[in-house]
Amino acid sequence: MKPILQNAFAARLESLAADAVFGGRLLRKRKIASASAILSLALGFGASIAAFRLIDSLFLRPLPVAHPEQLYVLTFQDLFERQIGTRDQFEYPAFRLLRASANDQADLLAIAFATRTDLTFGSEQETERAWRQYVSGSMFREFGLKPALGRLLTEQDDVTPGADPYAVISWDYWSRRFGKDPGVIGRHFRMGNDSFEIIGVAPQGFTGTDRGTFTDIFLPNMMNVSALNGPYNGYRIYVIPKAGARLSILRDRLSAALHAYHAEEVKSWPAVRLKQERDFFVAAPVSLEPAATPRSGTQRGYRQALMILAVLVGLVLLIACANVANLMTAQAAARAREMALRISIGAGRARLMQLVLMESALIAAAASALGLAFSWWAAPFVVSKLGLPDQPVRLDLIADWRVTIFAVGLAFAVTALCGLAPALRASSISPASALKGSSSLPRARRLMHGLTAAQAAFCTFVLFVAGLFIATFEKMANQPTGFSAARVLTLECEISAALPSESLRQAVEQLRSVPGVESAALSQYALMSFNAQTAYVWANGHSPAGTWSNSTWILGISPGWFETMKMPLLAGRDFRWNDEFPKVAVVNEKFAHRYFGTESPVGRSLEVLSNEGFARSPGSNGRVAIMIVGVVPDARYEDMRLPIPATAYVPFRLLDSRSGRGSRATFLVRTKSPDPMPLARVLRQRIQAARPEIAVSNIVTQEELVQAQMTRERLLATLALFFAAVALILAAVGLYGVLNYAIVERRRELGICLALGATAGAIARRVVVSPVVMIALGAALGVTAGLDSEHYITSLLYQVKGTGAGMLAWPLVTIFGAALVASLGPVLRAVRIDPAALLRAE
């Protein structure tokens, strides 16, 4: 029995090898068709692998810690703007209370969100930026991590506030910044007013807990002194249940502790806050969610967008498979005599299917190799387009077992999709009819027409979605901002001590004196930098509605800021350097219209109760009165996707009254030259020379900040347009193959028609009617699918609401235009058939 099995196995391998050799010869013989099929599949295959690498790295891969399945994140529901959402941000005092309530049931870790920070090493004067994360001292031990060099943080490093200025750097930062220098242990760096010593390097692969961000430096929570007892809710709480602990009991304990904390917290809320929000906050439902659930800003911001992108990529791959299947069906029909002869001399139908599938496998193998190379370039390219100019998204795009299984499975699926239908078609050939030269192959035509309709449906849907993304990006890019971003340079600074107004004025004057500078000013932060301050405002008998959307937005600025941003005064005056905070304010038109209608607000007063540092006046219900001295045009503040808010500009104030420490500020400089960046070095030096307390940490143009607002929309529009073009080309190539096959199959019939006097128009109609009907059917299905999914897609888009006639027309016009171009060649070939030459050939 064993020799028989060995002989059968050897015979099967021999037949496979023979089919592979024969299939390779056929591919080399049909170079153009083979190259077209391979490149079509390679593009779809590579795009699919690239999309999966992104999704795997961002959403599927667990944290590189011991027992990630036992790691949970504490969350609670919150009522905001009358909508219920899930929050995972906590204050450190809340963490203390929660940890004490469940210390016998679980170990709790407080890990801050990763943030960019400014630091300097040794005596180096140049400030650099790095990603910093404050963590519990026990984090590395609980995560089962071992140091690559030195030692990691421990519980003893996280006991006394400000007592242990130690830092652990990541492997990636160690490699990138220090070239894996072992001498990094013991080096010091300065961050703000504190000096830290590097004591170790984290293991390779661990880059923090925020996906999309590579944390460079880990610090103990006790060194985040200003947040230990303050209102900073920048911590995420990780829960590791102890052996034998029940999640339900643990959740109940944590819920009771959090409710007690919230009950104390709402006592400090301003009375204007809605009672419904207060009651919900006190009794907020608490959950323990697996740590694998998307948490980071990158994951939440791009989750749905990447899923839609994956669908588009999958549709492009299906179009490519349908295209190749069409070409192979046509080739199988052309080889009908060959297949009939093989059957006549004893070849089984399984043997014929193996022959055709082997050809498909060779095409899929070549396409997979090219596609993998394409995906290794495409995935990092897409990642490079995410994030802000100075805050790029970083992902670990390793080829783990999930990527490998997906690639192998996709290769087999592509082989089946492309070759199964042609293989079944080839194995069902009737030798008698094929050897008689019969050209009637209705099943082949039906299969090819069906694939054409599917291609048209997929292509139309991709075009429809691409149209939505492109329209969104165009509307966002073309909407007015209310200020001029051209030629403006923003210099973000860290100011280590309180400075008087005169010192700030001198620093601004130093910048104005630089050759090539047109104007300069100072503000809390630049517009469109994702920073904001809001306040509850009373004015002209109007009270705040108690919701965030109806709050007034506040921005501290210096004299000359409106001039620098090209925002003309509509009424009143600009600020003066002797204006005190918060005595006066300049408001925008929306503020004036909301509170004063058609009346002029200049000379009138407003009262503010702020959640961001306005001092409260005794005897005035905690409000501070501010006089309005001017009105300026509306301008976008924080986000291009949000309506322009009612805004009050106040004199710039340096000192943070809550912490008593220095704060951040941004100098804005308008240059005379179109490109302001060449002046960046000179401006940095002038600021540091004028006031040593001011350290420039980041320099970026205002135009880059505006463009960064549209990063996601630009990425989606660009990729959707690219895949729409690819889908259109593949669909056109598929239609070309169908028409070309129809002409070859019906060459004799068309020649007879021409001999009998048929016109060119009649011949064209005979050739294109059936495929065009299939395209129309597929386009109708594609538009229907697009309309059905429009509500979900537009939920991601802030500017496109509803489908207009143009949105429906563009995919239909495009698909039929491509069909017209693809049909020109085959139709011209059909009408030029020479009946006499055809009869002589027969």
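The values are calculated or read from the model by the stated rules, or taken from the named source; none is laboratory data. These figures come from a predicted structure and were not determined experimentally. Methodologically, a virtual Cβ is constructed for each residue, glycine included, from the backbone with ideal geometry; neighbour enumeration extends over all protein chains shown. Areas reflect the complete protein model, heavy atoms only, side chains present, ligands, DNA and RNA absent. Shrake-Rupley method; radii C 1.70, N 1.55, O 1.52, S 1.80 Å.
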At pLDDT below 75, closer than 28 Å to Arg714 by Cα, buried (at least 20 other Cβ atoms within 10 Å of the Cβ) and β-branched (Val, Ile, Thr): which single residue out of Thr293, Thr298, Thr329 fits that description?
Thr298
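Taking the stated definitions as given, is Leu468 farther than 23 Å from Arg712 by Cβ and among the aliphatic types (A, V, I, L, M)? Show your work before the answer.
Numbers: farther than 23 Å from Arg712 by Cβ: no; among the aliphatic types (A, V, I, L, M): yes.
Taking the combined requirement at face value, the residue does not satisfy it.
Here is a yes/no grid of residues against (1) part of a strand (DSSP E or B); (2) open to solvent by 20 Å² or more (accessible area, probe 1.4 Å):
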residue	(1), (2)
Gly186	no, yes
Glu197	yes, yes
Gly200	yes, no
Thr207	no, yes
Phe218	yes, no
Tyr238	yes, no
Identify all residues within segment 413-441 that are at pLDDT 70 or above and either over 20 Å from Leu327 (Cβ atoms) or of a type in the set (A, V, I, L, M) (or both); write none if there are none.
Ala413, Val414, Ala416, Leu417, Leu420
When segment 623-653 is examined, which residues are found to be closer than 24 Å to Asn478 by Cβ and open to solvent by less than 10 Å² (accessible area, probe 1.4 Å)?
Val632, Ala635, Tyr637, Met640, Ala646, Thr647
For segment 639-671, name all the residues that are modelled with pLDDT of 85 or more and not in a loop (DSSP other than H, G, I, E, B).
Thr647, Ala648, Tyr649, Val650, Pro651, Ala665, Thr666, Phe667, Leu668, Val669, Arg670, Thr671
Is there a residue being in a strand (DSSP E or B), closer than 25 Å to Lys242 by Cα and hydrophobic (A, V, I, L, M, F, W, C) anywhere in segment 124-143?
yes
Any residue in segment 712-723 that is farther than 30 Å from Glu638 by Cβ, aliphatic (A, V, I, L, M) and touching a residue at least 12 places away in the same chain (Cβ under 8 Å)?
no
Of (1) assigned to a helix (DSSP H, G or I); (2) at pLDDT 85 or above, Ala444 satisfies all except one. Which?
(2)
Conditions (1) at pLDDT 70 or above; (2) assigned to a helix (DSSP H, G or I) -> Ser287 fails only (2)
So which residues in segment 698-714 are among the hydrophobic types (A, V, I, L, M, F, W, C) and part of a strand (DSSP E or B)?
Ile699, Val700
Say whether the condition of being over 19 Å from Leu705 (Cβ atoms) and surrounded by fewer than 17 Cβ atoms within 10 Å (Cβ to Cβ) is met by at least one residue in segment 488-496.
yes
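From the residues in segment 494-529 that are assigned to a strand (DSSP E or B) and hydrophobic (A, V, I, L, M, F, W, C), which one is nearest to Met191 (Cα to Cα)? Steps first, please.
First, pick out the residues of segment 494-529 that are assigned to a strand (DSSP E or B): 494-495, 517-523.
Still in the list and also hydrophobic (A, V, I, L, M, F, W, C): 495, 517, 520-522.
Details: Ile495: 12, Val517: 31, Ala520: 27, Ala521: 26, Leu522: 23 Å.
Among them, the one singled out is Ile495.
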Pairs please, first residue from segment 677-688 and under 10 Å from Gly516 (Cβ atoms), second anywhere and among the aromatic types (Phe, Trp, Tyr) and open to solvent by 80 Å² or more (accessible area, probe 1.4 Å), Cβ atoms under 9 Å, 6+ apart in sequence or on different chains.
none
Would you call Phe189 within 32 Å of the chain's Cα centre (by Cα), of a type in the set (A, V, I, L, M, F, W, C) and farther than 18 Å from Val65 by Cβ?
no
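Condition test on Arg253, is it open to solvent by 70 Å² or more (accessible area, probe 1.4 Å) and in a strand (DSSP E or B)? Give the derivation first.
Details: open to solvent by 70 Å² or more (accessible area, probe 1.4 Å): yes; in a strand (DSSP E or B): no.
For Arg253, the condition - open to solvent by 70 Å² or more (accessible area, probe 1.4 Å) and in a strand (DSSP E or B) - is not met.
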Close pairs (6 angstrom Cβ cut-off, 6 or more residues apart or separate chains): without any contact (Cβ under 8 Å) to a residue 60 or more places away in the chain in segment 235-263, of a type in the set (Lys, Arg) and open to solvent by less than 10 Å² (accessible area, probe 1.4 Å) anywhere
none
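Rundown of residues vs (1) of a type in the set (A, V, I, L, M, F, W, C); (2) at pLDDT 95 or above; (3) in contact with a strand residue (DSSP E or B) (Cβ under 8 Å, 6 or more places away or on another chain), yes/no style:
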| residue | (1), (2), (3) |
| --- | --- |
| Gly137 | no, no, yes |
| Phe143 | yes, no, no |
| Thr154 | no, no, no |
| Asp157 | no, no, yes |
| Ala163 | yes, no, no |
| Asp172 | no, no, no |
| Ser175 | no, no, no |
| Gly183 | no, no, no |
| Gly186 | no, no, yes |
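Yes/no per residue for (1) assigned to a helix (DSSP H, G or I); (2) surrounded by 20 or more Cβ atoms within 10 Å (Cβ to Cβ); (3) touching a strand residue (DSSP E or B) at 6+ places or on another chain (Cβ under 8 Å):
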{"residue": "Ser673", "(1), (2), (3)": "no, no, no"}
{"residue": "Leu716", "(1), (2), (3)": "yes, yes, no"}
{"residue": "Val726", "(1), (2), (3)": "yes, yes, no"}
{"residue": "Val769", "(1), (2), (3)": "yes, no, no"}
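Return yes or no: is Gly85 of a type in the set (Gly, Ala, Ser), free of Cβ contacts under 8 Å to residues at least 60 places away in the same chain and farther than 29 Å from Arg176 by Cα? Break it down into steps so the answer makes sense when it comes.
Details: of a type in the set (Gly, Ala, Ser): yes; free of Cβ contacts under 8 Å to residues at least 60 places away in the same chain: yes; farther than 29 Å from Arg176 by Cα: yes.
Spelling it out, Gly85 is indeed of a type in the set (Gly, Ala, Ser), free of Cβ contacts under 8 Å to residues at least 60 places away in the same chain and farther than 29 Å from Arg176 by Cα.
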Scope segment 481-530; condition within 23 Å of Thr117 (Cα to Cα) and polar (S, T, N, Q); matching residues:
Thr490, Ser496, Ser523, Gln524, Ser529
Failed condition for Val408, given (1) at pLDDT 80 or above; (2) of a type in the set (A, V, I, L, M); (3) crowded, with 17+ Cβ neighbours inside 10 Å, with all others met?
(3)
Residue that is nearest to Gln156 (Cα to Cα), among those in segment 220-236 that are in a strand (DSSP E or B) and not charged (D, E, K, R)
Pro220
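Of everything in segment 784-795, what is open to solvent by 60 Å² or more (accessible area, probe 1.4 Å) and assigned to a helix (DSSP H, G or I)? Give them in sequence order. Steps first, please.
Just the residues of segment 784-795 that are open to solvent by 60 Å² or more (accessible area, probe 1.4 Å), to begin with: 784, 787-788, 791-792, 795.
Result: Thr784, Leu787, Asp788, His791, Tyr792.
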Quick one: how many residues across segment 78-104 are modelled with pLDDT of 85 or more and either part of a strand (DSSP E or B) or open to solvent by 10 Å² or more (accessible area, probe 1.4 Å) (or both)?
11
Run Gly346 past the list (1) modelled with pLDDT under 70; (2) outside any helix (DSSP H, G or I); (3) surrounded by 22 or more Cβ atoms within 10 Å (Cβ to Cβ) and report the number of the one that doesn't hold.
(3)
Quick one: would you say Leu781 is open to solvent by 40 Å² or more (accessible area, probe 1.4 Å), under 25 Å from Ala727 (Cα atoms) and part of a helix (DSSP H, G or I)?
yes
In contact (Cβ under 8 Å) with a residue 24 or more places away in the chain and touching a helix residue (DSSP H, G or I) at 6+ places or on another chain (Cβ under 6 Å): does that describe Ala585?
no
Give the residue that is farthest from Ser523 (Cα to Cα), with candidates limited to residues of segment 575-594 that are open to solvent by less than 30 Å² (accessible area, probe 1.4 Å) and aromatic (Phe, Trp, Tyr).
Phe591
